[in-house]
Structures are given as structure tokens and as C-alpha cells.
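For reference, the structure is listed below as C-alpha cells.
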Amino acid sequence: MKFLTYWSEGGWKLGIRTDRGILDAARAAKRVAVTLPETNEQLLHEGSEGARKWGALVQQLQEEDDQDLYLDEADLELGPCVLRPGKILCVGLNYKDHAAETGMDLPRYPILFNKFQNGLAGHGDSVPLPTQAEQVDYEAELAMVIGRTTRGVEPAKALDHVFGYCAANDFSARDLQFRTPQWLLGKCLDGFCPVGPYLVTADEVGNPGELNIRCRVNGEIRQDSNTSDMIFSCEEIVSYISQYMTLEAGDLILTGTPAGVIAGAPEDKRRWLSPGDEVTVEIEKLGQLTNRMVAAETVPVKS
């Protein structure tokens, strides 16, 4: 199933993508006696059981002639497909082709850093370019969304703890990122973690280690790879992190980016992102996540 969030009546609402349009979760839930998760937070709290209940209702409603429950996706202002993750964890240098373009050795362990909720943005949102940085880069990434409390899980069972997957863009201000040995500053600016448009359940994705992944800037393909090029697989990442910290439902894990980032190009070929640039991350089975870069002062804020 494909879940999303959209802005309506002053708040974020939950929707489900169907062949007939976007099902309004709150309205549809009133049709049945069973209690259904009606918000993004409730869905992730219930995990796979909540998704299963929605799957049954979607199938039932598809057989009824009531178009009033469905919305036109083109008319919606979409939000991050995960609204309030407790943790946003990221893996650096996790594709062989990306390590090669940077001239760095393959890491022995996953390189972890984090982002925060201020970085979240949705499909179609404008991303503000910080006035304090001049070297803003894109990073197309597969993101995992944890579905239940996870501690010390072995790799063979790690993906059982993943609710679903989404496309993400790990925007990075390289001049701030490498100002000090710690990457945090260049990764945590407002809007620097778009995720979406859909949160796709794990059963629909299948093997996350064989998905095509691309990034386009103004229509030009910049990154074109496959998640099979990862150094550390999704199951290895979840297992590794869970040895050191407890993962909770709704936590986001960005799994790294392939070759083709601006920072990987020769210095005389680098053209950093600027206002008006449109960046699209496309991942097989997950859809396309598009954002436009703008001057910082032009971006409205929702919460």
C-alpha cells in the first residue's frame, strides 16, 4: 500500500493512494465499525496491523460506487510521508560507486550521522538555500521507516521490523559539512530532508536491495544506480544500529547515496544548486520526489 500525508483544514491528513484517487482516511474510517488509524502517527504506531486493516477496507470500498471518498492527488499539497520521526539516522558513503568517485576507502562499519525534524519536507515543497552556504548538493536516497520497537535484532530478521520505504533527498551544504570533522551542520538545515511522496509498505516493495535509483536536476540525469551497489545492505544497517540504540516505530533511516553528486565531480565541473533548480529523486516502486530550490526567505512554514 502507498500512504501519504496532505494539508487540509489547518492540519496534516492521512491518505491512501488507490486506482480511484487518494482515499481520505478519516472519512473512510467512519464507514466501518473497526477502529482504523486515521493519522500518520497512529498508522506507524499500529504498524503492519494498521496497514492490513486499511488494505481490507480499501478493497471493500473499491467495490462500492462512492467517488466522494476520493481526492485528486494533483489538487493536494503533500507533506512528508513520515511527519514526526523520533530519530532521523543517515548512512554516509554507502555505495561503492560513490566511494570511488570521492576517492575514499570503503568503510569497515556504517558511517552514521543524523538529521532532525526541521529538515523534513514533502513532495512539491520548496527547499530554502541557506544564505550562509554556497555549496548545496543533492543526494538521492532510499529511506527505511521502522515499524516497531527494535533492539539487538539480527540481520536475518531485521527487515521484519521495517514498516515501509520511501524516497528521500539528503540535501547537503558541502562547505558547512566539511568546515569541521563533524558533518552535522551541513546536513541539518531547514528543509534538507524531503521524504515521499509515498510511504510504501514493505510487502509491496519486496527486496529493497534491488531497486533502481535516480536523481535528475532540471530534467538531466545526475545519478543512476541501483541499491544493489550498497556497501551495507538494509538489513545490515538496521541490525547494526539496533545493537547500539533502540529503534522505535516511525524512525527514519536514510541508507546513503550513489555516485553522481556534485561534490564527486571535478572542481571545474561543479555547479552547486541555485534558486530555481528542480531536483527529482526517483526510486523504483516508490515514485518520484521533486523539490525546487528557492531563496530562504520565500518559504512558508507549516507544523
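The values are calculated or read from the model by the stated rules, or taken from the named source; none is laboratory data. Everything quoted here is computed from the prediction, not taken from an experiment. Cβ atoms come from the backbone with ideal geometry, glycine included; neighbour counts cover every protein chain shown. All accessible areas refer to the heavy atoms of the entire protein, side chains included, with ligands and DNA or RNA removed. Shrake-Rupley method; radii C 1.70, N 1.55, O 1.52, S 1.80 Å.
Only one of VAL281, VAL238 is part of a helix (DSSP H, G or I) and open to solvent by less than 60 Å² (accessible area, probe 1.4 Å); which?
On inspection, the qualifying residue turns out to be VAL238.
Between a residue in the range 100-113 that is closer than 18 Å to TRP183 by Cα and any residue that is hydroxyl-bearing (Ser, Thr, Tyr), which pairs come within a Cβ distance under 9 Å, given they are 6 or more apart or on different chains?
TYR109/TYR240; PRO110/TYR240; LEU112/TYR240; LEU112/TYR244
Conditions (1) part of a strand (DSSP E or B); (2) modelled with pLDDT of 95 or more; (3) under 22 Å from the mean Cα position of the chain (by Cα); (4) within 20 Å of TYR95 (Cβ to Cβ), marked per residue:
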{"residue": "ARG271", "(1), (2), (3), (4)": "no, yes, no, no"}
{"residue": "PRO275", "(1), (2), (3), (4)": "no, yes, no, no"}
{"residue": "THR290", "(1), (2), (3), (4)": "yes, yes, yes, no"}
{"residue": "PRO300", "(1), (2), (3), (4)": "no, no, yes, no"}
{"residue": "SER303", "(1), (2), (3), (4)": "no, no, yes, no"}
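Identify, please: which residue in the range 152-183 is modelled with pLDDT under 95 and within 17 Å of LEU89 (Cα to Cα) and is, among those, most open to solvent (accessible area, probe 1.4 Å)?
Of everything passing the filter in the range 152-183, GLN182 is most open to solvent (accessible area, probe 1.4 Å).
Filter the range 1-51 down to the residues that are within 22 Å of the chain's Cα centre (by Cα) and basic (Lys, Arg), then identify the one that is least open to solvent (accessible area, probe 1.4 Å).
Across the range 1-51, the extreme among qualifying residues is LYS2.
What's the number of the only condition in (1) within 30 Å of GLN132 (Cα to Cα); (2) part of a loop (DSSP other than H, G, I, E, B); (3) open to solvent by 10 Å² or more (accessible area, probe 1.4 Å) that ARG216 fails to meet?
The number of the failed condition is (2).
Can you list the strands (runs of 3 or more DSSP E) found entirely within the range 1-82 that contain at least 3 residues being of a type in the set (Asp, Glu)? Step through it out loud before you land on a result.
Details: elements: 2-8, 11-18, 21-24.
Per the criteria, no element qualifies.
Among the residues of the range 249-259, is there at least one that is assigned to a loop (DSSP other than H, G, I, E, B), open to solvent by 20 Å² or more (accessible area, probe 1.4 Å) and out of contact with any Gly (no Cβ under 7 Å at 6 or more places or on another chain)?
Residues of the range 249-259 that are assigned to a loop (DSSP other than H, G, I, E, B), as a first pass: 249-251, 255-259.
If we keep only those that are open to solvent by 20 Å² or more (accessible area, probe 1.4 Å) too, we end up with 249, 259.
After this cut, where a residue has to be out of contact with any Gly (no Cβ under 7 Å at 6 or more places or on another chain) as well, the list is 259.
The answer is yes, given that some residue of the range 249-259 is assigned to a loop (DSSP other than H, G, I, E, B), open to solvent by 20 Å² or more (accessible area, probe 1.4 Å) and out of contact with any Gly (no Cβ under 7 Å at 6 or more places or on another chain).
Can THR149 be described as closer than 30 Å to TRP54 by Cα and surrounded by fewer than 24 Cβ atoms within 10 Å (Cβ to Cβ)? Talk me through it step by step, then tell me what you get.
Numbers: closer than 30 Å to TRP54 by Cα: yes; surrounded by fewer than 24 Cβ atoms within 10 Å (Cβ to Cβ): yes.
Against the criterion (closer than 30 Å to TRP54 by Cα and surrounded by fewer than 24 Cβ atoms within 10 Å (Cβ to Cβ)), THR149 qualifies.
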